[in-house]
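The values are calculated or read from the model by the stated rules, or taken from the named source; none is laboratory data. Everything numeric here is computed off the predicted structure, so don't read it as measured data. Note: ideal-geometry Cβ built from the backbone for every residue, glycine included; neighbour counts use all protein chains shown.
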Ligand SMILES: Cc1cc2nc3c(=O)[nH]c(=O)nc-3n(C[C@H](O)[C@H](O)[C@H](O)COP(=O)(O)O)c2cc1C
């Protein structure tokens, strides 16, 4: 049994993006169509550039499967780029503020901005979404669902009443039907939002920015349902699931803030209003253990507590602006506006899909740390024995 992990490779305009996922137990059914569905959602959303119309991201699973089931060996995933013009594209003369352009040139001692941006580009998140889809397939097998959606675009927020009060405990029929409704609402929205009423304002926000050659950011939330208590660790800082989730989300390009549960709002409140009372619920919760409320966002002491895991991330407005921001020509040293190249006006819906993948992967990793085995049946047996033991704690 090995640690669940992945690596990615590939450039924005190279031949392909790749992910290698290691540590998936043998015997899991994995379908390319499930990965493709997540890739398609990553390409969607109002305010994207023409690149998304050009690319039709589809995965090829190159290894790790036999007759649609995992073998326990590394799973290699390949998504080809339709635009693979890396060797023909011109260099950028003026690095763009807000991108890795200048810092990357200084780091590598080069004036070749193109050499930096080809890898720093968020097209790399294609590979993360593909790896995350493998984690989601694993979690789904054990009745854990991860769901991402947009809370706000620029200054326009979804109405709070539209966001369900996600329940804790094992994911059963009521939770599944609430999730199904939320999924239908999200997938019908060009903003991956649960509030159809907010769409008009969100569209206006993006259109106004586009007219002015500007960009907008926003907030998205990821919820994980059916997560059993006990994933992660309080024994080491590294093992804490909250820290791991924050790192996974913060490593998404343009994410500048992460909250768990009440997050920053808790800093203004009294402890008596923040912490979730513990109760017994016969026949419910995890072995009868349950909570009254979920302000903690499903994590206490760096360990999942059996409530829905709730994390939120803030995405900054995208840094490539049509008019360009003040910069300097790397050759002449003269002031010049940052070079514009094909770019989104808003990518918050896409980022919510990447966030979903990031959270799924971290939870799946912690899940296998607790219940891991070489085969799915070993994992199932370990999980079952643990869940049966909870009532007698
Ligand atoms: C899904 C997604 C799509 C993005 N698309 C663009 C884009 O079209 N134009 C752009 O300037 N930045 C885009 N970004 C953000 C940049 O990649 C990011 O701001 C840049 O790499 C600098 O990293 P930092 O913002 O984390 O410092 C996108 C980010 C994500 C997650």
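The table for this structure:
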| quantity | calculated |
| --- | --- |
| Exclusive hit being within 16 Å of the ligand (Cβ to nearest atom) and over 27 Å from residue 183 (Cβ atoms), set 332, 339 | 339 |
| Selected residue (criterion: surrounded by the most Cβ atoms within 10 Å (Cβ to Cβ)) from residues of the stretch 104-122 that are more than 24 Å from residue 348 (Cβ to Cβ) and within 12 Å of the ligand (Cβ to nearest atom) | 116 |
| Odd one out for residue 350 among (1) within 16 Å of the ligand (Cβ to nearest atom); (2) modelled with pLDDT of 95 or more; (3) part of a loop (DSSP other than H, G, I, E, B) | (3) |
| Residue match in the stretch 374-388 (condition: within 14 Å of the ligand (Cβ to nearest atom), assigned to a helix (DSSP H, G or I), out of contact with any helix residue (DSSP H, G or I) (no Cβ under 8 Å at 6 or more places or on another chain) and touching a residue at least 60 places away in the same chain (Cβ under 8 Å)) | no |
| Residues located in the stretch 307-328, provided they are in a loop (DSSP other than H, G, I, E, B), buried (at least 21 other Cβ atoms within 10 Å of the Cβ) and within 21 Å of the chain's Cα centre (by Cα) | 307, 308, 318 |
| Residues that are over 18 Å from the mean Cα position of the chain (by Cα), assigned to a loop (DSSP other than H, G, I, E, B) and either modelled with pLDDT of 95 or more or over 17 Å from residue 309 (Cβ atoms) (or both), drawn from the stretch 241-287 | 262, 269, 270, 275, 276, 277, 281, 282, 283, 284, 287 |
| Conditions (1) surrounded by fewer than 21 Cβ atoms within 10 Å (Cβ to Cβ); (2) within 28 Å of residue 343 (Cβ to Cβ); (3) touching a helix residue (DSSP H, G or I) at 6+ places or on another chain (Cβ under 7 Å): number failed by residue 216 | (1) |
